[in-house]
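See structure below.
The values are calculated or read from the model by the stated rules, or taken from the named source; none is laboratory data. Values in this document were obtained by computation on a predicted structure and should not be read as measured data. Counting neighbours? That spans all protein chains shown, and the Cβs are built from the backbone with ideal geometry, glycine included.
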Amino acid sequence: MADTVPLVRQVVIGEDALPGEARVIEAAERVLSGERRGVRAVLPFLGPAFIASVAYIDPGNFATNMAGGSEFGYTLLWVVLAANLMAMLVQSMSAKLGIATGRSLPEVCRDRFPFRVVLLLWLQAEAVAMATDLAEFVGAALGLHLVFGLSMWLSAVLTGIATFTILGMQVWGFRRLEATITGLVAVVVLAFGLEVLRSSPSASGVTRGLFVPQFTGSGSALLAVGIIGATVMPHVIYLHSSLTQNRIVGANPGARRKIFRFEIVDITIAMGIAGVINLAMLATAAAVFHARGMTGAGSDLGQVFSGLNRYLGAHSGLVFGLALLASGIASSCVGTMSGQVVMQGFIRRRIPIFVRRAITMIPALVLIGVGFSPTRALVLSQVFLSFGIPFALVPLVVFTSSGPLMGSLVNRRTMVATASLVTAVIVGLNLYLLATA
């Protein structure tokens, strides 16, 4: 290399470095020094946003999008689009915080807030992470139940085994885990690609729904609030800052700016895919159920499963169930990882991730054991998550707007204004949701 000063620092290099991780760091070094260009230059930096994006196609999104499409047709497509753009902004700030400071959001909170405040932030973040994990776990179990006809209890046990297996891949390095979760996202992408092709949504309806903001009565306005308000998951804000903090670490401000630019590409691709999936969900529900006057069919995922089989044939319900299963398993793993980041960041404590997985399985198993409605559990979890959003979003905007903390990656004035507006909108909508729930 022409520049003998390393552009990348990475904590895993050394005796404990894994071959795959070392190769990623070496490739990143060549990119930052200008030796590697073009499409191949992006590859070492892809991954963190794909893990974070799982939260935006979780079983809760399945429930919301299918309900919106079946009840209001294509009307709320523009809301899904707006929600996804907001999510891109928030995730870019979270990733930037980790790149600029080498610290996760919980760690920065611990460094800058009084102990009592940190303790309260940790407790609410733990509650949010557990509620999230519960919803994802139940969603995956429901997917197994729909696809294979197993009892919900047995489906829950198998879901636990699957998530234990995937989380165990961290032993072989972050690349193996990222690839597995990205593969699960690919299953969801293929599934809804097939559903859209088979359901043949109205091109004019989709175009109008995407680009003409509109409502159909107060019910659609309330659901729009729910879609936007539940878009930003607090647990994944904490997680994304952790995923970028020690993965590829720039050794100087210039390197960190380049890394962030590549991370923007990662976010754009991953969140763009998540947005397309959500749009496909709502459009499919509109074409299959709303077009037939079945406005209430999307309120229960079991009905969606049977309805797709009935009206589209070709095992379309099975395809939907597989997508729900893949989404639930992937998002359940991400939820467990988020809980680990929260505990380690706020209070410097760490428990084995398998122990955390076992603990967070218990509430879901209890709900399933007593016969509680899985779809209802998903909806209630989204309401509960609303409590945690201000505690993650507000500190994120404040920290990323601090010059002494962020250095050359500090938010510019336009970004501060935009981020503050988006934060106010999301927090306000969630407060409205809680007040009207």
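Among the candidates 63, 82, single out the residue that is buried (at least 24 other Cβ atoms within 10 Å of the Cβ), out of contact with any Cys (no Cβ under 9 Å at 6 or more places or on another chain) and closer than 23 Å to residue 53 by Cβ. Of the residues listed, the single one that is buried (at least 24 other Cβ atoms within 10 Å of the Cβ), out of contact with any Cys (no Cβ under 9 Å at 6 or more places or on another chain) and closer than 23 Å to residue 53 by Cβ is 63. Determine whether the range 282-292 contains at least one residue that is of a type in the set (Val, Ile, Thr) and part of a helix (DSSP H, G or I). Checking the range 282-292: at least one residue is of a type in the set (Val, Ile, Thr) and part of a helix (DSSP H, G or I).
Within the range 205-214, one or more residues are at pLDDT below 90 and touching a helix residue (DSSP H, G or I) at 6+ places or on another chain (Cβ under 6 Å).
When you look at residue 232, is it under 26 Å from residue 131 (Cα atoms), part of a loop (DSSP other than H, G, I, E, B) and either touching a Cys at 6+ places or on another chain (Cβ under 6 Å) or β-branched (Val, Ile, Thr) (or both), yes or no? It would help to see each step written out before you state the result.
Details: under 26 Å from residue 131 (Cα atoms): yes; part of a loop (DSSP other than H, G, I, E, B): yes; either touching a Cys at 6+ places or on another chain (Cβ under 6 Å) or β-branched (Val, Ile, Thr) (or both): yes.
Yes: the conditions hold for residue 232.
Among the helices (runs of 4 or more DSSP H) confined to the range 100-216, the ones with at least 2 residues that are over 25 Å from residue 233 (Cβ atoms) and over 19 Å from the mean Cα position of the chain (by Cα) are located at 115-148, 152-167, 174-199, 203-211.
For the range 313-333, residues that are assigned to a helix (DSSP H, G or I), modelled with pLDDT under 90 and surrounded by fewer than 24 Cβ atoms within 10 Å (Cβ to Cβ) total 0. Counting only residues that are of a type in the set (Phe, Trp, Tyr) and under 18 Å from residue 373 (Cβ atoms), the range 128-172 holds 2 of them.
Considering 316, 306, 332, the condition of being hydroxyl-bearing (Ser, Thr, Tyr) and within 21 Å of the chain's Cα centre (by Cα) is satisfied by 332 alone. Kindly check whether there is at least one residue in the range 259-275 that is crowded, with 21+ Cβ neighbours inside 10 Å and among the polar types (S, T, N, Q). Checking the range 259-275: not a single residue is crowded, with 21+ Cβ neighbours inside 10 Å and among the polar types (S, T, N, Q). Within the range 276-298, if we keep just the residues that are under 22 Å from the mean Cα position of the chain (by Cα) and polar (S, T, N, Q), the residue that is surrounded by the most Cβ atoms within 10 Å (Cβ to Cβ) turns out to be 284.
Taking residue 95, is it of a type outside the set (Asp, Glu) and either surrounded by fewer than 24 Cβ atoms within 10 Å (Cβ to Cβ) or within 19 Å of residue 267 (Cβ to Cβ) (or both)?
On the way: of a type outside the set (Asp, Glu): yes; either surrounded by fewer than 24 Cβ atoms within 10 Å (Cβ to Cβ) or within 19 Å of residue 267 (Cβ to Cβ) (or both): yes.
Yes, satisfied.
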